[in-house]
């Protein structure tokens, strides 16, 4: 796939980081970690994350991604919290001015939350449809199902590129 791709990821347990690293390798993209100190405190992070997610509250992480316009495509990668994209991802999605037209979402999930709601909420935050979406349940890591899911996501990205450009 052509074009400059950035993979922005937020990960607490390592599932999303592993996936984002794989996507960066597969797409020869630039990997960027989203820092969210509000969710760094052991034990308390889980309560705060759930509370913020249910209240639809998020604030930008204390870092700047002002150079995102230099990329042709952005892939956001992170967990689903209470059926929504993790709050640090929602903060990025809500800052539409910094994002290029081609944005995709790939979430990880412990399996309790339906991904379709996360996609819909993320698209509402972004104000437009994603170029591609996918969910990798944590239990599928390292299996043939992961290969299928990632392969389908990459094919959807390629199809979106052809349609838009």
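Looking at (1) modelled with pLDDT under 80; (2) in contact with a helix residue (DSSP H, G or I) (Cβ under 8 Å, 6 or more places away or on another chain); (3) not in a loop (DSSP other than H, G, I, E, B), can you tell me which one residue 46 breaks?
Every listed condition holds for residue 46 apart from (2).
Any chance the stretch 66-73 includes a residue that's at pLDDT 90 or above and crowded, with 20+ Cβ neighbours inside 10 Å?
yes
What residue, among those in the stretch 97-127 that are within 19 Å of residue 68 (Cβ to Cβ) and free of Cβ contacts under 8 Å to residues at least 12 places away in the same chain, is surrounded by the most Cβ atoms within 10 Å (Cβ to Cβ)?
Filtering first and then ranking leaves 123.
Which count do you get for residues in the stretch 16-37 that are in a helix (DSSP H, G or I) and surrounded by fewer than 20 Cβ atoms within 10 Å (Cβ to Cβ)?
9
Okay, residues lined up against (1) at pLDDT below 80; (2) touching a strand residue (DSSP E or B) at 6+ places or on another chain (Cβ under 9 Å):
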{"residue": "77", "(1), (2)": "no, yes"}
{"residue": "114", "(1), (2)": "yes, yes"}
{"residue": "119", "(1), (2)": "no, yes"}
{"residue": "152", "(1), (2)": "no, yes"}
{"residue": "162", "(1), (2)": "yes, no"}
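Quick one: is residue 161 surrounded by 13 or more Cβ atoms within 10 Å (Cβ to Cβ), out of contact with any helix residue (DSSP H, G or I) (no Cβ under 8 Å at 6 or more places or on another chain) and in contact (Cβ under 8 Å) with a residue 60 or more places away in the chain?
In short, yes.
Can you tell me which residue among 41, 5, 21 is farther than 24 Å from residue 82 by Cβ and either at pLDDT below 90 or touching a helix residue (DSSP H, G or I) at 6+ places or on another chain (Cβ under 6 Å) (or both)?
5
Could you identify the single residue in 94, 59 that is at pLDDT below 90, within 21 Å of residue 33 (Cα to Cα), more than 15 Å from the chain's Cα centre (by Cα) and surrounded by 12 or more Cβ atoms within 10 Å (Cβ to Cβ)?
59
Which of the numbered conditions does residue 102 fail, given that it passes all the others? Conditions: (1) modelled with pLDDT under 90; (2) under 14 Å from the mean Cα position of the chain (by Cα); (3) under 19 Å from residue 130 (Cα atoms).
Condition not satisfied by residue 102: (1).
Filter the stretch 129-152 down to the residues that are free of Cβ contacts under 8 Å to residues at least 60 places away in the same chain and either part of a helix (DSSP H, G or I) or on the phi > 0 side of the Ramachandran plot (or both) and list them by number.
139, 140, 142, 144, 145, 146, 147, 148, 149, 151, 152
The values are calculated or read from the model by the stated rules, or taken from the named source; none is laboratory data. Here the structure is a predicted model, which means the values were calculated and not measured. As a convention, Cβ positions derive from the backbone with ideal geometry for all residues, glycine included, and neighbour counts pool all protein chains shown.
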